[in-house]
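To start, the structure itself, in structure tokens.
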Amino acid sequence: MWSDLQADPPACPAAGTPADPAPLLADGFPGGRAVCPVCWAFVDRDGDGLIEPHDSWRGDESRGEADRRREWFNAYGW
């Protein structure tokens with residue numbers, strides 16, 4: 001077993017790196033967010049196209065978000 005002392009910090013190290021917006025599904029998901037190349041979360045970008053600070057992806061907040069995420073990855077892959 002491991003403890004929180006051995007766990008990675010919650011903040012994803014990809015913050016501040018350049019990223020393009022992810023392609024959109026027909027309904028507009030993921031709404032201009034980028035796919036983080038480190039944790040695979042859909043994340044916001046700042047005005048310069050850099051990934052905003054975020055916690056590493058730990059699962060979807062809702063069943064609807066999980067369904068949209070699954071559909072996006074099935075359409076565009078990783």
For the structure I just gave you, tell me whether P9 is part of a loop (DSSP other than H, G, I, E, B) and either surrounded by 10 or more Cβ atoms within 10 Å (Cβ to Cβ) or at pLDDT 95 or above (or both).
no
If I ask for residues that are open to solvent by less than 60 Å² (accessible area, probe 1.4 Å), within 23 Å of A11 (Cβ to Cβ) and outside any loop (DSSP other than H, G, I, E, B), which ones from segment 45-65 would you list?
L50, I51, E65
Show the residue pairs that are 6+ apart or on different chains and have beta-carbon atoms under 6 Å apart, the first residue being within segment 6-22 and within 17 Å of D44 (Cα to Cα), the second being of a type in the set (S, T, N, Q) and modelled with pLDDT under 95.
C12/S56
Quick check on segment 25-37. Is at least one of its residues modelled with pLDDT of 95 or more, part of a loop (DSSP other than H, G, I, E, B) and of a type in the set (V, I, T)?
no
List the residue pairs whose Cβ atoms are under 9 Å apart, where the first residue sits in segment 48-73 and is touching a residue at least 24 places away in the same chain (Cβ under 8 Å), the second is of a type in the set (S, T, N, Q) and surrounded by 12 or more Cβ atoms within 10 Å (Cβ to Cβ), and the two are 6 or more positions apart or on different chains.
L50/T17; I51/T17
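For segment 28-43, which residues satisfy the criterion of being in contact (Cβ under 8 Å) with a residue 12 or more places away in the chain and either surrounded by fewer than 16 Cβ atoms within 10 Å (Cβ to Cβ) or of a type in the set (A, V, I, L, M, F, W, C) (or both)?
Of the residues in segment 28-43, the ones in contact (Cβ under 8 Å) with a residue 12 or more places away in the chain are 29-30, 32-43.
Within segment 28-43, F29, G32, A34, V35, C36, P37, V38, C39, W40, A41, F42, V43 meet the criteria.
The values are calculated or read from the model by the stated rules, or taken from the named source; none is laboratory data. In this text the structure is predicted, and so the values were computed from the model without any measurement. We place every Cβ from the backbone using ideal geometry, glycine too, and count neighbours over all the protein chains shown. In case anyone asks, the SASA skips ligands and DNA or RNA and just uses the protein heavy atoms, side chains included. Shrake-Rupley method; radii C 1.70, N 1.55, O 1.52, S 1.80 Å.
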